[in-house]
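See structure below.
The values are calculated or read from the model by the stated rules, or taken from the named source; none is laboratory data. Everything quoted here is computed from the prediction, not taken from an experiment. So basically every Cβ, Gly included, is an ideal-geometry build from the backbone, and we count neighbours across all protein chains shown.
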């Protein structure tokens with residue numbers, strides 16, 4: 001980790017920016033003026049190239065070239081081509097990843113496959129406090145199969161012991177959506193394999209935020225989204241990974257023509273494509289898909305090691321400034337104290353977290369809130385400056401010191417995404 | 001049906017355009033110059049308003065407003081709001097349709113629900129010659145369930161007899177992707193209900209092309225796409241319909257947080273939303289979704305009765321011109337001769353269909369080809385003129401008379417979508 005001496009002035013933060021090897025990437029993003037965006041862990045901002053690409057796809061490929069773009073513009077192969085780019089960011093090989101559909105649907109496919117591969121085992125290990133759509137997906141799958149599967153919920157430190165020889169699948173999110181704690185993918189995968197279980201890793205809060213080494217860890221299956229740290233745009237399609245050694249046995253339930261071995265033969269009966277292609281189902285949302293490529297390219301050019309180092313440094317700076325400048329304001333760390341053990345965002349707990357976050361947003365510092373008391377701050381390294389961290393903490397200090405958050409305007413609860 | 005006397009000159013076709021009540025809608029589409037687009041049955045062209053809306057969503061909602069757009073721009077409610085618009089086009093009520101995911105995935109949900117509602121029945125009736133992704137979806141579902149379900153394939157005239165009291169679900173596409181024949185939704189649904197079966201109707205080649213009356217026919221479930229006659233853009237999300245009377249019992253397998261009754265409570269366990277919302281799974285591709293609204297609005301303003309009348313008239317004109325001006329060129333009708341019995345496109349059969357279509361495309365007349373001998377021409381009423389039909393047939397005549405299609409450049413087979 002890059003050690004950062006907390007600056008004692010805005011000028012000192014500016015000096016950190018002057019020495020930042022990733023500083024130039026901010027120019028590749030279209031950011032609104034007056035905003036410090038600490039919510040890229042939820043929805044990344046727009047790369048300028050993404051906006052240009054969407055316009056090109058809409059006006060040239062759809063409007064002008066019409067149906068011919070399925071071949072000429074390569075629309076039909078986007079899941080593979082963009083999948084290969086994602087593969088390079090998560091420690092996979094070309095041909096092991098496709099970009100398609102959404103994370104929940106992809107998780108359904110991957111978990112269903114693991115259960116089909118371990119028909120005599122009925123237990124699925126999951127972290128119950130995780131972002132709950134993963135629980136919902138597996139609960140729906142279990143209900144649909146009706147074969148007596150059960151979820152064994154285990155929290156972070158209980159996971160290793162929960163992986164016993166009745167476990168079919170270990171389905172975990174590497175970086176926790178709320179606390180930001182990182183699970184040890186290598187150790188847990190090894191533990192799963194030692195008892196004959198398979199792993200499905202959810203990389204939603206990891207992909208683009210840090211180096212991920214799926215194959216180095218021996219991972220079996222994985223899924224993840226592209227609209228957080230990969231800056232793919234709102235609801236940009238997700239991805240799924242199947243290790244090469246499992247690709248011949250994948251029996252995923254969502255069979256459709258894009259996963260057929262000869263999709264344009266229009267054969268009556270299904271016969272799967274070889275390789276990762278058999279995990280596809282149907283036609284993809286092209287405008288959302290093409291938007292995502294720019295963010296993948298930026299992540300690749302920036303490099304995951306430098307990105308992770310800067311993100312850690314910004315997080316450490318944030319915490320040291322909160323401690324130094326807010327002192328007794330009642331904030332407690334809701335994430336691991338060790339920067340190595342947490343992902344790209346940091347959770348703070350405060351009994352008045354909700355109005356405090358609303359007041360912050362009213363001042364242009366955008367983070368988010370998770371009930372009952374968590375406020376989250378994401379430290380995406382590609383478009384944030386150290387001076388933004390300084391300014392964000394100063395704004396937080398001002399809100400607390402002036403009591404701005406007590407303004408009734410910030411008390412009304414509305415839907416928070 | 002509007003009777004059309006085949007014009008004997010281009011000027012006569014122009015006169016038909018002058019009297020066309022839908023003529024002005026062509027100005028709402030961004031169409032490439034020099035192209036006669038007879039492939040809107042595969043991918044509709046771009047409404048100008050769709051292009052503007054995508055730009056707005058990308059630059060204002062994503063770039064400028066960032067995460068706040070989930071609420072402020074109504075992204076989170078798009079499946080419902082656009083679903084209600086689709087409902088008005090397919091004979092459903094508000095609250096019976098959501099726009100989401102893709103047709104194949106939606107079919108998986110709907111068929112799985114029917115099977116759960118008829119647990120003692122094992123037969124699913126399908127038209128085997130239909131666009132085969134529907135077969136593939138049901139084959140994958142059957143394999144996943146492992147409960148001995150089987151598909152009873154029946155062609156058009158065999159369907160009624162195939163619906164016996166062991167049938168759980170009748171899963172049919174109303175308008176056939178290749179021949180364009182229309183199945184009698186009311187009669188088949190009544191037959192299914194008479195023996196206790198449920199229906200899942202695929203409206204991919206019907207929605208936007210003709211009036212559809214799901215509730216008038218007593219339909220149970222339906223799916224369809226929005227990128228053909230509804231001009232939603234490449235891979236724009238699909239829709240699914242659940243009749244109000246079934247919404248309380250829907251047990252769809254693809255459970256996720258967008259279908260949860262309290263998605264932002266982040267409860268550990270799944271509890272479905274009431275109503276159509278429980279058929280949703282996860283985050284939707286927003287840029288592709290917003291693009292689709294313009295086409296829905298145009299379809300609503302044009303009206304389905306006038307649209308269907310013009311489409312039938314253009315199809316009839318096309319066939320009469322082919323007969324009058326191409327005579328013995330070897331084309332055979334691959335669609336029903338009765339205009340009432342076919343949908344928005346017409347199939348011609350010709351032993352040299354492939355090079356003939358490639359030659360047509362080289363001359364700016366875009367239809368498509370389906371192996372082994374079918375060429376398809378779509379008659380979307382909103383941006384085609386009668387004079388386009390005249391010109392298309394004249395181009396076809398020229399290609400046949402000059403033998404242009406024999407040029408080796410048109411013989412090479414490449415992927416055709």
Mind checking whether some residue in segment B:229-237 is surrounded by fewer than 20 Cβ atoms within 10 Å (Cβ to Cβ) and either within 14 Å of chain A (Cβ to nearest Cβ) or in contact with a strand residue (DSSP E or B) (Cβ under 8 Å, 6 or more places away or on another chain) (or both)? no
In segment B:238-257, which residues are out of contact with any strand residue (DSSP E or B) (no Cβ under 9 Å at 6 or more places or on another chain) and crowded, with 23+ Cβ neighbours inside 10 Å? B:253, B:254, B:256, B:257
Considering residues that are within 14 Å of chain B (Cβ to nearest Cβ) and within 11 Å of residue A:79 (Cα to Cα), the number found within segment A:260-280 is 3
With the structure loaded, tell me whether residue B:67 is in the same structural domain as residue B:209 (by TED's automatic domain parsing) and part of a helix (DSSP H, G or I) or whether it fails that test. yes
Is segment B:38-55 home to any residue that is more than 9 Å from every other protein chain (Cβ to nearest Cβ), more than 19 Å from residue B:298 (Cβ to Cβ) and surrounded by fewer than 22 Cβ atoms within 10 Å (Cβ to Cβ)? no
Of the residues in segment B:378-417 that are within 13 Å of another protein chain (Cβ to nearest Cβ) and in contact with a strand residue (DSSP E or B) (Cβ under 6 Å, 6 or more places away or on another chain), the one that is surrounded by the most Cβ atoms within 10 Å (Cβ to Cβ) is B:378
Note: among B:142, B:151, just one is assigned by TED's automatic domain parsing to the domain that holds residue B:234, touching a residue at least 24 places away in the same chain (Cβ under 8 Å) and closer than 21 Å to residue B:121 by Cα, namely B:151
Mind telling me which of the residues B:165, B:202, B:220 ends up being at pLDDT 95 or above and out of contact with any strand residue (DSSP E or B) (no Cβ under 9 Å at 6 or more places or on another chain)? B:165
Given the residues B:98, B:111, B:90, which is the only one that is modelled with pLDDT of 95 or more, assigned to a loop (DSSP other than H, G, I, E, B) and either in the same structural domain as residue B:142 (by TED's automatic domain parsing) or on the phi > 0 side of the Ramachandran plot (or both)? B:90
Considering each of B:196, B:248 in turn, give the residue that is more than 30 Å from residue A:224 (Cα to Cα), out of contact with any helix residue (DSSP H, G or I) (no Cβ under 8 Å at 6 or more places or on another chain) and at pLDDT below 95. B:248
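Rundown of residues vs (1) without any contact (Cβ under 8 Å) to a residue 40 or more places away in the chain; (2) closer than 30 Å to residue B:396 by Cβ, yes/no style:
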| site | (1), (2) |
| --- | --- |
| B:24 | yes, yes |
| B:35 | no, yes |
| B:38 | no, yes |
| B:63 | yes, no |
| B:82 | no, no |
| B:100 | no, no |
Read through the list (1) surrounded by fewer than 16 Cβ atoms within 10 Å (Cβ to Cβ); (2) within 10 Å of another protein chain (Cβ to nearest Cβ), then give the number of the only condition that residue A:74 fails. (2)
Exactly one of these conditions fails for residue B:97: (1) over 26 Å from residue A:28 (Cα atoms); (2) facing chain A (nearest Cβ under 8 Å); (3) in contact with a strand residue (DSSP E or B) (Cβ under 6 Å, 6 or more places away or on another chain). Give me its number. (2)
With segment B:258-337 as the region, which helices (runs of 4 or more DSSP H) entirely inside it contain at least 1 residues that are touching a residue at least 24 places away in the same chain (Cβ under 8 Å) and surrounded by fewer than 17 Cβ atoms within 10 Å (Cβ to Cβ)? B:293-302, B:304-326
Considering segment B:115-124 alone, what residues qualify as being in contact (Cβ under 8 Å) with a residue 12 or more places away in the chain and either under 16 Å from residue B:146 (Cα atoms) or within 10 Å of chain A (Cβ to nearest Cβ) (or both)? B:115, B:116, B:118, B:121, B:122, B:123, B:124
Does residue B:81 fit the bill of being farther than 30 Å from residue B:376 by Cα, more than 14 Å from chain A (Cβ to nearest Cβ) and out of contact with any strand residue (DSSP E or B) (no Cβ under 6 Å at 6 or more places or on another chain)? yes
Residue check: is residue B:103 buried (at least 23 other Cβ atoms within 10 Å of the Cβ) and either closer than 24 Å to residue A:112 by Cβ or in the same structural domain as residue B:280 (by TED's automatic domain parsing) (or both)? yes
